[in-house]
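The values are calculated or read from the model by the stated rules, or taken from the named source; none is laboratory data. Since this is a predicted model, take the numbers as computed values, not measurements. Neighbour counts are summed over all protein chains in view; Cβ atoms, including those assigned to glycine, are modelled from backbone coordinates with ideal geometry. For accessibility, only protein heavy atoms count, side chains too; no ligands or nucleic acids. Shrake-Rupley method; radii C 1.70, N 1.55, O 1.52, S 1.80 Å.
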Amino acid sequence: MSRIASILLPLPLSEAFDYSEPEGMDLHVGDQVAAPLGSRLVHGVVAALRDADGGNRPLKPVDARIDAPPLPPNALEFIQWAARYAVSDPGQPLAMALRGARAPKAKPAKVIEITGLTPAKLTAARAQVLAVAPQGFASSADLARAAGVSPGVIKGLIEEGVLALRLIEADPRFPEPDLALAGPELNVSQAAAATELKTMMAAGGFNVALLDGITGSGKTEVYLEAVHAALAADPDAQVLVLLPEIALTQAVIARFEARFAAAPGEWHSDIAPPQRRKVWDGVATGLCRIVVGARSALFLPFRKLTLVIVDEEHDTSYKQEDGFIYQARDLAVARAKIEAASVILASATPSLESLRNAETGRYRWLRLTARHGVARLPDIQLVDMRASPPASGFWLSPPLVEALKATYAAGEQSLLFLNRRGYAPLVLCKACGERMTAPDTDSWLVEHRYSGRLVCHLTGFSMPKPAACPHCGALDSLVSIGPGVERVEEEAKALFPEARIAVFSSDTLWDAREARNLIAAMEEGQLDILVATQAAAKGHNFPNLTLVGVVDADLGLRGGDLRAAERTYQLLAQATGRAGRKDRPGRALLQTYAPEHAVMQALQAQDRDAFTTAELHERDMAGLPPFGRLAALIISGPDPMALEAFVQILAQAAPNADGVQVYGPADAPLGLVRGRRRKRFLVRADRTVDLSAYLAAWRARARPPAAIRLAIDVDPYSFL
Ligand code: ADP
């Protein structure tokens, strides 16, 4: 009897499409196939197979099975679960899951080899070629050059069969982790945490632990032990380690290499396509046992995932805001549940969501409260900028400058932290007051001195800084307002002309390699002062760093969204936690205009629990996450009238449900992006409500017209 294959396609379609299975193709669920759609062939995955019942209308046949590893059933289930959760079409997470499957394989390497045949005539030139050939050459031209002969000599030897070109397929294997190696001896509290993790993993099934340890307490060492236990327990077991920043992967990969004498599979946006394909295939076939990667590694086709680690679990870059909108930490827990795997969430400043789960006993709570060895947490001092302001036009206060001087004089390193890229966040005309804004977006243009351009950080639009004000035409009237990292670097250079100073931000570094080099230079003590955005403020170990200066501690508190205080606390605790990680004590100075704010007080007192308890209480009173759930609907379109009309229809269509409140429509704070007007709804729901189902029902009642886009953001982090 013939069968029908439901094929999931990586396209915005609400469901799988049916095709007939050609005779003899013998498909299985998870197989990758090419299926016709309109006039083209699309790379899809078999989601289900069923017997045809005869009464069906004729279906198009599947074109071909693609010779590649199938998607394991759990991966397929996860994709469908994630789509439902995010109120998206399954094609979106499927496209992410297939990203590596569709990357080209590494081309086979070419080598010219000596076959063993004796040449008919051995000239001096030929002898020279045969002498150097064993060194291994990939082309005739290379070999000819090395031997100092003309390419014709090589050609002749190949024709005679003395030399032959051989293709060597790229090795699909990954080095096997060496489980006989031992890690460092754990201290008492680390050992206790590692033991508890091993007990949890040995029990089997889905379990989550929150590894809550101050910066430098050895969380990484502890989770490496858990990885060891997972790999040792089962020769097929696979482990996934998620990291929030690509800049962190190198250091963590180096630690895995040191621990297991084997490099793990690496996965993030900077990986070249053939390597991406190798990791994908390796994960799908079980050859790759450890993956260290960014959030999208979550969609890899693991065959037997038994342990998932989310490092810096509080980090907001786990939230993907465009395309398929998801929170990777939350999806990691969901994936582990499907796989019946263990999860370790590690952080020095856990999210309130995870803390709440630990408090209620849903997660095991493992705390490390001291730094390893003699290292201590840095002393934290608040600099009241009202009492000790910097000179006009400068950003570093006298106490911070003094601290920088003392640190530099002692031959130690400083980090100046400012979470703002570029030179100045605002450029205005002192003649007419005009603020330079992007042409089609509600945002100020940020001045970048390195590139000499004004840049919109939202859309990437940029223009050279004009000589005259575009509004009033006044010459040389544009002034830079406020500091970005480039401006702080300028100030530091003026203060310390002899010092070695560098900036670390995504605009000043061209690629991941340059970022790695700068991190390495800092680790090795080749820099005195590093001025950095958050990209360098997390996770790194700079042994000689003893001073952290936070240029604008209040920055994250402005705007005041749901997580402003929580995020500020986390970011500043991370940034200040870079100091004093070895034997030298560290200190941190926080420049603030609001020293009385609860966040600043908690940071100074190093009393995280007081802060989180107060913050959790406020969230509880307001029914906000983690006590209630939120979702945002963002509606955008080029025509304000059409947008308004649709938004009204959408408002009317909102289903009534117990425990759900809908706020809006309201103009989005970012009312115009790339020429599109934006409106928002905010939905709050009790935890018991199936919010995804509610949103799906709502959306089904009001499909947007063609020019209007409706994005649904479950558990939003951005309220712009
Ligand atoms: P965290 O991940 O909590 O910030 P790390 O695991 O990076 O902490 O540890 C901080 C530093 O202390 C690292 O350089 C690490 O190698 C070292 N360290 C931690 N625990 C030990 C240990 N038991 N023995 C030796 N060195 C350790």
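Surface calculation, 1.4 Å probe, protein heavy atoms: Asp178 sits at approximately 60 Å² accessible.
Among the trypsin sites (Lys or Arg not before Pro) in the stretch 386-453, which ones are in a DSSP loop with at most 15 other Cβ atoms within 10 Å of the Cβ? Mind listing them? Don't skip to the end; give the middle numbers.
Details: sites: Arg386, Lys405, Arg420, Arg421, Lys430, Arg435, Arg449, Arg453; in loops: Arg386, Arg420, Arg421, Lys430, Arg449.
Loop-located and lightly packed - Arg386, Lys430.
If R₀ is 60 angstrom, what is the calculated FRET efficiency for the pair Leu624 and Leu122, using the beta carbon separation as r and rounding to 0.05? It comes to 0.10.
Divide, for the stretch 109-168, the radius of gyration over alpha carbons by 2.2 N^0.38 Å, where N is the residue count.
Working: Rg = 10.1 Å, N = 60, 2.2 N^0.38 = 10.4 Å.
The stretch 109-168 yields a ratio of 0.97.
Send over a whole-number figure in Å² for the accessible area per residue of the stretch 628-714, probe 1.4 Å.
Here the per-residue accessible area is 49 Å².
Based on the alpha-carbon gyration tensor of the stretch 3-97, what equivalent-ellipsoid semi-axes (square roots of 5 times the eigenvalues) come out, in whole Å, largest first?
Values: eigenvalues 89, 40, 34 Å².
Whole-Å semi-axes of the equivalent ellipsoid: 21, 14, 13.
When the Cα convex hull of the stretch 427-477 is projected onto planes of every orientation, the mean area is 3.3 nm². Per the Debye formula with a single identical scatterer at each Cα and no solvent contribution, what log10 I(q)/I(0) holds for the stretch 610-649 at q = 0.30, 0.31, 0.34, 0.35 Å⁻¹? For the requested q values the scattering log ratios are -0.95, -0.98, -1.05, -1.08. Qualifying trypsin sites (Lys or Arg not before Pro) in the stretch 642-709, where qualification requires a DSSP coil assignment and no more than 13 other C-beta atoms within 10 Å, comprise Arg687.
Remark: the Ala106-Val374 segment gains 91.7 nm on full extension, using 0.36 nm per residue and subtracting the alpha carbon distance. Using only Cα coordinates, the Kirkwood hydrodynamic radius of the stretch 236-341 works out to 13.8 Å. Across Glu113, Glu359, Glu566, Glu15, the residue with the most accessible area heads the list, and the full order at a 1.4 Å probe is Glu15, Glu359, Glu113, Glu566.
Taking the helices alone, the chain has a mean residue ellipticity at 222 nm of -9500 deg cm²/dmol, built from -39,500 (n - 2.57) per DSSP H run of at least 4 residues and averaged over all its residues. Accessible area per residue was computed with a 1.4 Å probe on protein heavy atoms; Trp365 scores about 90 Å². Across all Cα atoms of the chain, the radius of gyration (one decimal) and Dmax (whole number) stand at 29.2, 93 Å. With a cut-off of 19 Å on the backbone N, the residues of the stretch 350-372 near the modelled label site 7 Å out from Ala191 along Cα-Cβ are 366-372.
With the simple model of a label 7 Å out from the Cα in the direction of the Cβ, Ala164 to Ala651 spans 7.8 nm.
When the dipole is taken about the Cα centre of the stretch 62-204, and only Lys, Arg (+1) and Asp, Glu (-1) are charged at their Cβ, what size is it in debye, to the nearest 20?
Numbers: 14 positive and 14 negative charges, 117 e Å.
In debye, rounded to 20, the stretch 62-204 gives about 560.
Taking Cα centre as origin and charging only the Cβ of basic (Lys, Arg, +1) and acidic (Asp, Glu, -1) residues, the dipole magnitude of the chain rounds to 960 debye. Cα convex hull, the stretch 188-368: 112 Å³ per residue, rounded to a whole number.
Using the alpha carbon gyration tensor of the stretch 628-714, what are the three equivalent-ellipsoid semi-axes (square root of 5 times each eigenvalue), largest first, in whole Å? Write down the numbers at each step before the final one.
Details: eigenvalues 105, 35, 20 Å².
For the stretch 628-714, the ellipsoid semi-axes come out as 23, 13, 10 Å.
Absence of a disulfide-compatible partner, taken as no other cysteine beta carbon within less than 4.7 angstrom, is noted in the chain for Cys288, Cys456. Computed about its Cα centre, the charge dipole of the stretch 679-720 is approximately 260 debye, with only Lys, Arg, Asp and Glu carrying charge at their Cβ. Here Lys219 sits with roughly 20 square angstrom of accessible surface, probe radius 1.4 Å.
Can you pick out the pairs among Lys198/Lys219; Lys219/Lys304; Lys319/Lys465; Lys198/Lys304; Lys60/Lys107; Lys110/Lys304 whose Cα atoms lie more than 26 Å from each other? Violating the 26 Å Cα-Cα cut-off are Lys319/Lys465; Lys60/Lys107; Lys110/Lys304.
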